[in-house]
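What follows is a set of notes on a single structure, which appears directly below.
What follows draws every value from the coordinates through simple rules; no lab data is involved. Keep in mind the model is a prediction, meaning the values are calculated, not measured. All Cβ positions, glycine included, derive from the backbone under ideal geometry; neighbour counts span all protein chains shown.
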Amino acid sequence: MFIRYISILFFLTAILSIDAVSQRPNMVFIIADDCTFRDIGCYGGQAKTPNIDKLAKQGMRFTRCFQAAPMCSPTRHNIYTGLYPVKSGAWPNHTRAYPHVKSIVHHLKPLGYRVTQTGKTHINPREVFPFENLGGGKNPDMKYIDRLFSETAKGGKPFCLFACSNEPHSPWNKGDASAYPPAKIKLPPYIVDTPRVREDFSNYLAEVTYYDSQVGEIVELLEKHGLSDNTLLMVVSEQGNSFPFAKWTCYDHGLQSAMVVRWPGKVKAGSETDAMVEYVDVTPTFIDLAGGEPVAPVDGKSFLPVLQGKADAHKEHVFGIMTTRGIINGTDAYAIRSVRDTRYKLILNLNHESKFTNACTKSAAFQSMVTKANAGDKTAKRLVNAYQHRPAVEFFDMEKDPLEMKNLAGHSDYQKHVSRLRTKLNAWMKDQGDQGVETELKANERQGGNRRNKKNK
């Protein structure tokens, strides 16, 4: 009798355990590549993004989401590890994490999740990121995503999927550029207006729309397999585009990201939050969603209370780091560090005596800006010079000047805020083991190629 009782108890426990796992939400994280958040429709942009806009109406739109490094590879390491770049070892581009670092795979698999990735990888080494890879190529493989969703719908494990697009990374050769006539485009005031710039910006906007179509395909696959209701879907834009003052900089055009989250019945439809969150918070949030306990050491923290409408704030400060050493056409060492609160932004250009260069400054579009400047156009000359020759300190009132056009670092009325944020930034750098210029000079030691699985070779 006792044995029979124990057997029944074991059986019921197993059933309950299986049911608990099945009720855990699936997680889908979709990320663009080199997309400025301000160009997305629901953020006031010119790009037609009906799928992302629809998700924003069905879920929550974040107005203050940030990443710590305005380059592809450190950004992805940032997301998957929950660590800022220097602490993880991945601060330059084409980088790798320290071998002892743990990623989201190590945290979610013991909780019963399939942890999968498809599309652009740009991470290294394999032992730190042992994702189940779905398909090859630089864009999400819809055939394999379809298979993953089908297996889950038939009773498989819950999943955490990272669908990583290569769009709208240059060259901009996807999408319908005719939808964006160059003459009708409205260029940001910090970009010099030339015919070549307008042509490139048209192609870029078309590729933003192409990325939006990829988002739409994944949403359709979730609906096809009846998984929408039990899936948290997070869509982000990554760092900014490769026009001036965006990617490769610590201005908000480079560090701020779109973030839209849909979770039916859990996240309020049509809601918006000003809570400051960072990419380092994604891994802790997903662990929280999966029913796991907070892990250490990580720099991020779960923003699940924000998603659930239980909190209006998350972080008081966000941080940025840019390393030019080792990037294509990059200045040998141009260390940039930044800190931002809800109102003010401080940027330190630690190698400001050097000329700031990267792939953007070698582009045909930028050279057309230089030509216009050399021809005597004062606005073009001012903007080209501002991009390549920075002061040691930049300070902006983000409420009055969201495009960071007026440096207030020397203004007496703001010195207490400059001092306060400098103290905060210095403390963060010390905690991270970031020695500024010295750390920049060691960047090449952290490069070594980015992992691609065998199917992608």
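Some notes on this structure:
- Approximating the spin labels as points 7 Å out from Cα along Cα→Cβ, the VAL437-to-GLU316 distance works out to 3.1 nm.
- 222 nm mean residue ellipticity, helices alone, for the chain (DSSP H n ≥ 4; -39,500 (n - 2.57); rounded to 500): -10000 deg cm²/dmol
- Order by protection proxy (mean Cβ within 10 Å, highest first), peptides 44-50, 380-386: 44-50, 380-386
- Anisotropy class of region 372-445 from Cα gyration tensor, a/c 1.5 cut: oblate
- The chain: relative contact order as a whole-number percent, Cα under 8 Å and 6+ apart: 22
- Summary of packing: across the peptides 272-284, 186-198, the per-residue average of other C-beta atoms within 10 Å ranks them, highest first, as 272-284, 186-198.
- Listed pairs LYS186/LYS315; LYS48/LYS120; LYS268/LYS301 exceeding 29 Å between Cα atoms: LYS186/LYS315
- Point-charge dipole on Cβ atoms (K/R +1, D/E -1) for the chain, about Cα centre, debye to 20: 540
- Shape class of region 321-454 from the alpha-carbon gyration tensor: oblate, with a/c at 1.5 or above and b/c at least as large as a/b.
- Label separation (GLU223 vs VAL393): 5.4 nm, computed from points 7 Å beyond Cα along the C-beta direction.
- The GluC sites (Glu not before Pro) found in region 361-431 that occupy coil by DSSP, while having at most 14 further C-beta atoms within 10 Å, are GLU399.
- Estimated from the Cβ-Cβ distance and a Förster radius of 45 angstrom, the FRET efficiency linking SER271 and SER412 is about 0.65.
- Taking every C-alpha pair closer than 8 Å and separated by at least 6 residues, the mean separation divided by the residue count of region 321-454 gives a relative contact order of 27 percent.
- Cross-link reach is defined here as a Cα-Cα straight distance under 16 Å, omitting same-chain residues fewer than 8 places apart; for LYS362 the lysines meeting it are LYS247, LYS372.
- Prolate/oblate/rounded label for region 300-368 (Cα gyration tensor, a/c 1.5): prolate
- Shown for the chain are the DSSP H helices of 24 Å or more along their axis, judged by Cα atoms, with a mean Kyte-Doolittle hydropathy of at least 1.0: 2-23.
- The spacing between region 239-310 and region 88-113, judged by their C-alpha centroids, is 18 Å.
- Within the set [x] 20.3; [y] 24.9; [z] 23.5, the number that mean projected area of the Cα convex hull in nm² takes when calculated for this structure is listed as [z].
- In this simple spin-label model, placing a label point 7 Å from the Cα along the Cα-to-Cβ direction at both VAL295 and SER150 gives a separation of 3.1 nm.
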